[in-house]
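Participant: Have a look at this one.
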């Protein structure tokens, strides 16, 4: 019997024993095998089995993509991995973005696999003695013609920022936490991406939503407190933030604030009901709120369901800020995941909030650094509904990163799944910096191995030196890098 006469289920069994390279050769032998080798079901199975970092949106299921789409994505991922893991990765392309502003970079962030870029810069006006924050959003879909689609300026110094694409990427919402010397607050702007925005124009597109949210009254009104926004996270129309509260004795505590970006005031969450975490950071993920930081048991990561009131299409809040009382604090939803890591791995280690990426592939990943010590940490988040037996519990397995003597890490970019990362390693003796790359070779926590090597030396074949880098952004599925230099210029580097 000829192979083309075999039933499809037998052919599928054979195909799944082959490598992707073999499948690509296999489908070129004849029309029958070409037709079989381009079936959606086969490529769905191959993509899942490959274990490659595929450059597809995090909310897109592999099963929704066609065989042709998956084949292109898988081949790109294979080429990228081959280049990224070689001893001397080849730079395929560099692109400079026109940025008519020499202000310092506060935050750089890729969105949707490196197809969009968020740029946040701080500027201080000496004559007005006032700080301003400039926000720019770049489209990188056509790398030959990158262009700024939204640009606006806010009064105040940036504390934290995040961005969320909505309505199938037709609208974008920006949330920026600011301080103006009188207190901290949020500025929210929502724009349509249907109309083009010229970078040289002095008129920004008109936002469909423009609102300011001040911090509510102190959660403990009996004590005079100072409050500072530490981190924030946006998902859909939900905003969650960590606020550090200082009392008169300089003791501090972390409180969580939640609201919707389209309407309604901000509300405090009640004090953490389960193994309090401090200091705490927060991220949103699939209608859940994730709190992580130090606890009595070590470094902990707790995942709760969001309060139902935040998930409705309308916001029936009735309390105003003037009539706010602590009794209005929202109750936490059920605890659905409890992840911990031993104390001895994290004593005095804590990630810089801006270096913690959005959660991807049900994984919270970050690098915690202190001096010559660093750990790559990956928490797997089981966000299934809690069972009668309680929440899902697991322990994280940190991967140590050994730093050479007399060096420190000053810039960090971690992929959403934690399988790839970059950091700028500064040598105190030579006063030079080089960019390092990291790859987790096995995704199984019990046998994970870490490869880290030099990606860019101090004087790379680029129009700038790594010493001139003031900020960076990194996307792991495309391995695209963005460097913000001290002179205010922006440069993209691609390895595919």
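Participant: Filter region 51-68 down to residues that are surrounded by 15 or more Cβ atoms within 10 Å (Cβ to Cβ) and part of a helix (DSSP H, G or I) and give me whichever is nearest to the chain's Cα centre (by Cα).
Facilitator: 62
Participant: What's the number of the only condition in (1) in contact with a helix residue (DSSP H, G or I) (Cβ under 7 Å, 6 or more places away or on another chain); (2) loosely packed, with under 15 Cβ neighbours inside 10 Å; (3) outside any loop (DSSP other than H, G, I, E, B) that residue 82 fails to meet?
Facilitator: (1)
Results for (1) buried (at least 19 other Cβ atoms within 10 Å of the Cβ); (2) closer than 19 Å to residue 227 by Cβ; (3) at pLDDT below 90, shown as yes or no for each residue.
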site: 153; (1), (2), (3): no, no, no
site: 160; (1), (2), (3): yes, yes, no
site: 163; (1), (2), (3): yes, no, no
site: 166; (1), (2), (3): no, no, yes
site: 172; (1), (2), (3): yes, no, no
site: 178; (1), (2), (3): yes, yes, no
site: 181; (1), (2), (3): no, yes, yes
site: 184; (1), (2), (3): yes, yes, no
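Participant: Here are 134, 90: which of them is more than 30 Å from residue 39 (Cβ to Cβ) and outside any strand (DSSP E or B)?
Facilitator: Selected residue: 90, the only one of 134, 90 that is more than 30 Å from residue 39 (Cβ to Cβ) and outside any strand (DSSP E or B).
Participant: Separate question: So, in region 25-35, of the ones that are without any contact (Cβ under 8 Å) to a residue 12 or more places away in the chain and surrounded by fewer than 15 Cβ atoms within 10 Å (Cβ to Cβ), which residue ends up nearest to residue 74 (Cα to Cα)?
Facilitator: Residue satisfying both the conditions and the ranking: 25.
Participant: Going through region 1-14 one residue at a time, which ones are touching a helix residue (DSSP H, G or I) at 6+ places or on another chain (Cβ under 6 Å) and either free of Cβ contacts under 8 Å to residues at least 12 places away in the same chain or within 17 Å of residue 67 (Cα to Cα) (or both)?
Facilitator: Listed by number, the list holds a single entry, 11.
Participant: Quick check on region 364-410: of everything there that is under 25 Å from residue 430 (Cβ atoms) and assigned to a loop (DSSP other than H, G, I, E, B), which residue is modelled with the lowest pLDDT?
Facilitator: Among those that are under 25 Å from residue 430 (Cβ atoms) and assigned to a loop (DSSP other than H, G, I, E, B), it is 371.
Participant: Being in contact (Cβ under 8 Å) with a residue 12 or more places away in the chain, closer than 24 Å to residue 477 by Cβ, in contact with a strand residue (DSSP E or B) (Cβ under 7 Å, 6 or more places away or on another chain) and part of a loop (DSSP other than H, G, I, E, B): is that true of residue 38 here?
Facilitator: Considered against the rule, which asks whether it is in contact (Cβ under 8 Å) with a residue 12 or more places away in the chain, closer than 24 Å to residue 477 by Cβ, in contact with a strand residue (DSSP E or B) (Cβ under 7 Å, 6 or more places away or on another chain) and part of a loop (DSSP other than H, G, I, E, B), residue 38 comes out as no.
Participant: Going by the structure shown, is residue 129 farther than 19 Å from residue 103 by Cα, modelled with pLDDT under 90, surrounded by fewer than 18 Cβ atoms within 10 Å (Cβ to Cβ) and out of contact with any helix residue (DSSP H, G or I) (no Cβ under 7 Å at 6 or more places or on another chain)?
Facilitator: no
Participant: Can you confirm whether region 322-335 contains a residue that is closer than 24 Å to residue 477 by Cβ, modelled with pLDDT of 65 or more and touching a strand residue (DSSP E or B) at 6+ places or on another chain (Cβ under 8 Å)?
Facilitator: no
Participant: Evaluate region 98-115: report whether one residue or more is within 24 Å of residue 193 (Cα to Cα) and loosely packed, with under 14 Cβ neighbours inside 10 Å.
Facilitator: Yes, region 98-115 contains at least one residue that is within 24 Å of residue 193 (Cα to Cα) and loosely packed, with under 14 Cβ neighbours inside 10 Å.
Participant: Quick test of your reading of the structure: residue 100 fulfils all but one of (1) farther than 24 Å from residue 363 by Cβ; (2) at pLDDT 85 or above; (3) not in a helix (DSSP H, G or I). Name the failing condition by number.
Facilitator: Every listed condition holds for residue 100 apart from (2).
Participant: Only one of 106, 81, 112 is under 30 Å from residue 435 (Cα atoms) and without any contact (Cβ under 8 Å) to a residue 40 or more places away in the chain. Can you tell me which?
Facilitator: 81
The values are calculated or read from the model by the stated rules, or taken from the named source; none is laboratory data. Computed from a prediction, not measured in an experiment: that's the story for all the values here. Positions of Cβ are backbone-derived with ideal geometry, glycine not excepted, and every protein chain shown enters the neighbour counts.
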